[in-house]
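Visitor: Take this structure, written in structure tokens, and hold onto it; I'll ask about it next.
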Amino acid sequence: MIRRARLSDFESIEEIGRMTWGGRDYLPSVFHEWLEDGDFFVLEVDGIAVATAKLTLLPCGVGWMEGLRVHPSHRGRGYASKLHDFLISYGEELHRIGKISSLMYATDSRNEASIHLGLKSGFRVVKRFYHLFREAGGYAEVREAEPLLPDLDLIPVSWRFIRRCEESLEWLRGRVRAFRMNEGGFFVPREANIFTPSDYSRTEDLLEGMGSVAAGLGRRLGIMIPEDLPDLVGRLRGRGFSQREGDGPDVLVFELKL
């Protein structure tokens, strides 16, 4: 049975998080926020939540699909596919009442199951990113400020990617901490470690500032680089950045027009 998540599901979902991505999954840390936001669903077996999925409304009429997880003991039974299809059906309902115009999600390029689910249900890859990271550190004078939107069609906000439109800037306020240094700026989502420069052509000029903020927050410095900036990726590798595996774009953004 698929139903909305309840407060009483926390222990079950916390266990799913402990057994996903080596115990580093973010699911338990966002449980209460997602519960309050709504459209947070679980698949229940024998009274226990064994799988999760979330649909989040983003700017520009996007329904963002995230948090698709299945407890390891219940994998291989089609539960991920059921939740994926459920979110599509739910998204189509939201489309009919004018709330969204497309569904989107992002996944790691190594996640073959997630990629297969998307392609078989009509999604297409609309953008690829490099997810780079290095240890935090550096010193630069920065000041908190209003966020600035990069000149990108898809803007990384950690593992969510928002389209650029009138409501995007307002959506960012309250969800990120933004900083300025010299003539540039960057932001980082609260409770995350992926930084987004306001101008990717100045990324290298902002590294000291981003590294300083990351160190102050006790986090690693991560950054998403669009696939059409391979030269920047090469220069960042020369400054200590790396990827988990391989050297190509490792984050895929999928979209299904409704």
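Bear in mind that the values in this text are calculations on the coordinates, not laboratory data. These figures come from a predicted structure and were not determined experimentally. Neighbour counts are summed over all protein chains in view; Cβ atoms, including those assigned to glycine, are modelled from backbone coordinates with ideal geometry.
Visitor: Please order Val188, Val30 by the number of other Cβ within 10 Å, starting at the fewest.
Guide: Ordered from fewest to most neighbouring Cβ atoms within 10 Å, Val188, Val30 come out as Val30, Val188.
Visitor: For the chain, what class follows from the C-alpha gyration tensor (a ≥ b ≥ c being the square roots of its eigenvalues): rounded when a/c is under 1.5, otherwise prolate if a/b is larger than b/c, else oblate?
Guide: Prolate shape, in that a/c is at least 1.5 and a/b is the bigger ratio.
Visitor: For segment 77-151 and segment 200-240, what is the separation of their C-alpha centers, rounded to whole Å?
Guide: About 21 Å separates the Cα centre of segment 77-151 from the one of segment 200-240.
Visitor: Please give the length that would be gained between Arg164 and Arg177 if that part of the chain were fully extended, namely 0.36 nm times their separation in residues minus their C-alpha to C-alpha distance (nm, one decimal).
Guide: Net length gain for the segment: 2.8 nm.
Visitor: Shape of segment 2-100 from its Cα gyration tensor (a ≥ b ≥ c, root eigenvalues): rounded if a/c is under 1.5, otherwise prolate when a/b > b/c, or oblate?
Guide: Cα axes put segment 2-100 in the prolate bin.
Visitor: Using the Karplus equation 6.51 cos²θ - 1.76 cosθ + 1.60 (θ = phi - 60°), what ³J(HN,Hα) coupling, rounded to whole Hz, does each residue of segment 50-58 give in order, writing x for Gly and Pro?
Guide: Running phi through 6.51 cos²θ - 1.76 cosθ + 1.60 with θ = phi - 60° gives 10, 8, 9, 6, 9, 10, 10, 7, 10 Hz.
Visitor: For every helix of n ≥ 4 consecutive DSSP H residues, a contribution of -39,500 (n - 2.57) applies; sum these over the chain, divide by its total residues, and give [θ] at 222 nm rounded to the nearest 500 deg cm²/dmol.
Guide: -8500 deg cm²/dmol
Visitor: For Ser201 and Arg237, what does the FRET efficiency come to when R0 = 22 Å and r is the distance between their Cβ atoms, rounded to the nearest 0.05?
Guide: 0.80
Visitor: What are the lysines whose alpha-carbon lies under 25 Å from the alpha-carbon of Lys127, with same-chain residues fewer than 8 places away excluded?
Guide: Lys54, Lys99, Lys257
Visitor: Using only alpha carbon pairs under 8 Å that are at least six residues apart, calculate the relative contact order of the chain and give it in whole percent.
Guide: 21
Visitor: For Lys127, which sequence-distant residues (separation of 5 or more, or a different chain) have an amide H within less than 5 Å of its own amide H, given hydrogens modelled in the peptide plane?
Guide: Val253
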